[in-house]
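The values are calculated or read from the model by the stated rules, or taken from the named source; none is laboratory data. Owing to the predicted nature of the structure, the values given are computational and were not obtained by experimental measurement. Positions of Cβ are generated from backbone atoms using ideal geometry, with glycine treated the same way; all protein chains shown enter the neighbour counts.
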């Protein structure tokens with residue numbers, strides 16, 4: 001009867017346990033081929049994930065806050081139905097194995113506060129990925145292959161050590177939010193290709209050393225929120241998209257359009273006047 005229950009098991013929560021890769025209890029769960037969710041978060045003794053190849057139907061794998069986790073078992077590439085992989089706060093994890101690129105159905109990859117220094121070029125294979133969150137102090141480089149993530153909607157690189165964005169960022173046609181907050185080494189100009197992000201609604205470059213925004217930013221027609229707070233190196237502000245509703249700069253949150261305005265208040269003339277006021281703030 002116990003084996004029958006394990007065959008039907010869909011959710012397995014082993015979080016907050018002292019289990020390890022070689023835990024004897026794993027053999028009891030190998031028959032759980034219908035498993036959909038596996039929660040191994042907050043396992044302080046887990047240094048490497050076990051062989052997970054039996055769980056081919058797994059949709060969600062949670063490994064957050066495993067402080068000693070250093071490696072992912074190569075079998076992770078067998079989880080071809082995986083939709084969400086949470087590795088956040090695994091501070092000892094320094095790299096992603098190439099097998100992660102085999103997760104063709106993956107939609108969410110959470111790498112916040114890990115020890116990862118670079119995102120592998122193979123990330124471009126994750127064509128269904130919608131959310132990539134990599135707020136990692138040690139992250140220094142983003143590959144050009146990120147431009148292949150045509151379904152990516154949310155990209156968070158806040159707090160990382162990246163020095164520049166690849167020009168391929170402009171190929172992310174479905175990107176809605178881009179967060180680069182508190183990237184201390186991000187300086188110079190944002191690539192002009194950002195003007196190709198037709199779906200971008202929110203851009204946060206606060207507390208960076210960015211000195212220039214490209215003229216092409218006015219082409220980002222969906223942009224509603226632009227956060228420039230703490231951008232002390234910013235030299236000038238180009239013409240901004242007419243649809244912009246919130247501009248945050250120098251600790252002042254500026255609503256560019258009121259939600260209760262009458263239609264005649266939103267005119268090209270008013271937009272031009274507001275643009276002049278904003279530009280004057282940088283003189």
### Query
Of the residues that make up segment 229-239, is at least one under 19 Å from residue 175 (Cβ atoms) and assigned to a loop (DSSP other than H, G, I, E, B)?
no
### Query
Among the residues of segment 160-180 satisfying the criterion of being under 14 Å from the mean Cα position of the chain (by Cα) and surrounded by fewer than 20 Cβ atoms within 10 Å (Cβ to Cβ), which is farthest from residue 238 (Cα to Cα)?
174
### Members of segment 38-56 that are surrounded by fewer than 16 Cβ atoms within 10 Å (Cβ to Cβ) and not in a loop (DSSP other than H, G, I, E, B)
48
#### Entry: Breaking point among (1) under 17 Å from the mean Cα position of the chain (by Cα); (2) surrounded by fewer than 21 Cβ atoms within 10 Å (Cβ to Cβ), for residue 68
(1)
### Task
Within segment 196-204, identify whether any single residue is closer than 22 Å to residue 139 by Cα, touching a residue at least 24 places away in the same chain (Cβ under 8 Å) and crowded, with 18+ Cβ neighbours inside 10 Å, and answer yes or no.
yes
### Query
Which members of segment 205-228 meet the condition of being surrounded by fewer than 17 Cβ atoms within 10 Å (Cβ to Cβ), touching a helix residue (DSSP H, G or I) at 6+ places or on another chain (Cβ under 8 Å) and in a loop (DSSP other than H, G, I, E, B)?
214
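Considering 139, 132, 93, which residue is closer than 29 Å to residue 185 by Cα, within 18 Å of the chain's Cα centre (by Cα), modelled with pLDDT of 95 or more and part of a strand (DSSP E or B)? Explain how you work it out, then say what you get.
Values: 139 fails: part of a strand (DSSP E or B); 93 fails: part of a strand (DSSP E or B).
Step by step, each of 139, 132, 93 is checked, and only 132 is closer than 29 Å to residue 185 by Cα, within 18 Å of the chain's Cα centre (by Cα), modelled with pLDDT of 95 or more and part of a strand (DSSP E or B).
Take segment 170-193 and flag every residue that is in contact with a strand residue (DSSP E or B) (Cβ under 8 Å, 6 or more places away or on another chain) and farther than 13 Å from residue 150 by Cα.
First pass over segment 170-193, keeping only residues in contact with a strand residue (DSSP E or B) (Cβ under 8 Å, 6 or more places away or on another chain): 172, 175-181, 184-190.
Answer for segment 170-193, where residues must be in contact with a strand residue (DSSP E or B) (Cβ under 8 Å, 6 or more places away or on another chain) and farther than 13 Å from residue 150 by Cα: 177, 178, 179, 180, 181, 184, 185, 186, 187, 188, 189, 190.
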### Summary
Quick count over segment 96-123, residues being within 22 Å of residue 59 (Cα to Cα) and more than 14 Å from the chain's Cα centre (by Cα), is 11
### Query
What are the pairs, 6+ residues apart or on separate chains, where a residue within segment 1-24 that is closer than 14 Å to residue 35 by Cβ has its Cβ under 8 Å from a residue that is surrounded by fewer than 13 Cβ atoms within 10 Å (Cβ to Cβ) and at pLDDT below 90?
6/28
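Would it be correct to say that residue 16 is surrounded by fewer than 22 Cβ atoms within 10 Å (Cβ to Cβ), over 26 Å from residue 152 (Cα atoms) and at pLDDT 95 or above? Before the answer, list the steps.
On the way: surrounded by fewer than 22 Cβ atoms within 10 Å (Cβ to Cβ): yes; over 26 Å from residue 152 (Cα atoms): yes; at pLDDT 95 or above: yes.
It is true that residue 16 is surrounded by fewer than 22 Cβ atoms within 10 Å (Cβ to Cβ), over 26 Å from residue 152 (Cα atoms) and at pLDDT 95 or above.
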